[in-house]
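Only one structure is covered here, and it is reproduced in the block below.
The values are calculated or read from the model by the stated rules, or taken from the named source; none is laboratory data. All values derive from a computational prediction rather than experimental measurement. So basically every Cβ, Gly included, is an ideal-geometry build from the backbone, and we count neighbours across all protein chains shown. The area values use the complete protein model at the heavy-atom level, side chains included, leaving out ligands, DNA and RNA. Shrake-Rupley method; radii C 1.70, N 1.55, O 1.52, S 1.80 Å.
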Amino acid sequence: QVQLVESGGGLVQAGDSLRLSCVVSGRTFRWYAVGWFRQAPGKEREFVAATTWSGGSAYYADSVKGRFTISRDNAKNSVYLQMNSLKPDDTAVYYCAAKPDTGRDYYSSYNYWGQGSQVTVSS
């Protein structure tokens with residue numbers, strides 16, 4: 001069983017930074033691709049960023065490129081999302097998700113999900 005627990009959300013002002021963490025349980029974590037998604041009120045959940053099992057490649061939504069950075073520490077079973085220059089439009093519940101890394105489709109079809117962490121950016 002794979003479980004994911006996010007932390008690090010909160011209320012910040014526009015222009016501030018925040019780092020989300022996701023701890024993934026399970027011995028096979030190092031073989032999993034991990035992604036971050038978000039869902040704003042009244043909107044569908046959308047892809048934010050993803051990293052391959054090795055952390056060697058990263059993928060980003062256009063809306064966060066240059067501002068957000070995803071990274072992982074396999075020794076700590078953890079994935080991080082560093083969010084800089086936050087905007088009010090970044091306000092959402094952020095979810096981390098994991099799936100076995102097949103080398104393709106890092107933007108969808110994740111099997112395991114965390115409970116979410118609220119990020120609120122005030123103007």
For VAL93, VAL24, the accessible-area ranking with a 1.4 Å probe, largest leading, is VAL93, VAL24
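How do LYS87, LYS99 rank by accessible surface area computed with a 1.4 Å probe, from largest to smallest? Spell out each step's value before the answer.
On the way: LYS87 100, LYS99 15 Å².
Output order, biggest surface exposure first: LYS87, LYS99.
Once the Cβ-Cβ distance between VAL2 and SER63 is put in as r, and R0 is 35 Å, what FRET efficiency do you end up with, to the nearest 0.05? Before the final figure, lay out each step's value.
Numbers: r = 28 Å, r/R0 = 0.79.
Computed FRET efficiency for VAL2 and SER63: 0.80.
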Rounded to the nearest 10 Å², the accessible area of THR69 using a 1.4 Å probe with every protein chain kept is 70 Å²
Listed by chain and number, the lysines with an alpha carbon less than 24 angstrom from that of LYS76, same-chain partners under 8 positions apart left out, are LYS99
Sorted list, accessible surface of protein heavy atoms, 1.4 Å probe, largest first, for GLU44, GLU6 is GLU44, GLU6
In the chain, taking the dipole from +1 charges on Lys and Arg beta carbons and -1 charges on Asp and Glu beta carbons about the Cα centre, the listed residue (THR69, VAL121, VAL2) farthest towards the positive end is VAL2
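Let me know the longest stretch in the chain that avoids all trypsin sites (Lys or Arg not before Pro) found in a DSSP loop with at most 12 other C-beta atoms within 10 Å.
On the way: sites that count: ARG27, LYS43, LYS65, ARG104.
Answer from the scan: 66-103.
Quick check for me: using +1 on Lys/Arg Cβ and -1 on Asp/Glu Cβ, what's the dipole size of region 12-58 about its Cα centre, in debye to the nearest 20?
For region 12-58, the charge dipole is close to 180 debye.
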Partner lysines whose C-alpha sits under 18 Å from that of LYS65, ignoring same-chain residues fewer than 8 away, are LYS87
Measuring from its Cα centre, the chain shows a charge dipole (+1 at each Lys and Arg Cβ, -1 at each Asp and Glu Cβ) which, in debye to the nearest 20, is 260 debye
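Once neighbouring chains are kept in place and the probe is 1.4 Å, which whole percent of the accessible area of the chain is contributed by carbon and sulfur?
On the way: 2940 of 6480 Å².
Heavy-atom surface of the chain belonging to carbon and sulfur, 1.4 Å probe: 45 percent.
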Rounded to the nearest 10 Å², the accessible area of TRP31 using a 1.4 Å probe with every protein chain kept is 140 Å²
For TYR95, the accessible surface traced by a 1.4 Å probe with all protein chains present amounts, in square angstrom to the nearest 10, to 50 Å²
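Could you work out the relative contact order of the chain? I mean the mean sequence separation of Cα pairs under 8 Å and 6+ apart, divided by the number of residues, in percent. Intermediate results must be reported in sequence, preceding the final value.
Values: 302 pairs, mean separation 44.3, N = 123.
Once divided by the residue count of the chain, the mean separation gives 36 percent.
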Calc'd 3J(HN,Hα), region 52-60, phi into Karplus 6.51 cos²θ - 1.76 cosθ + 1.60 (θ = phi - 60°), Hz, glycine/Pro = x, comes to 6, 4, 8, x, x, 10, 9, 10, 9
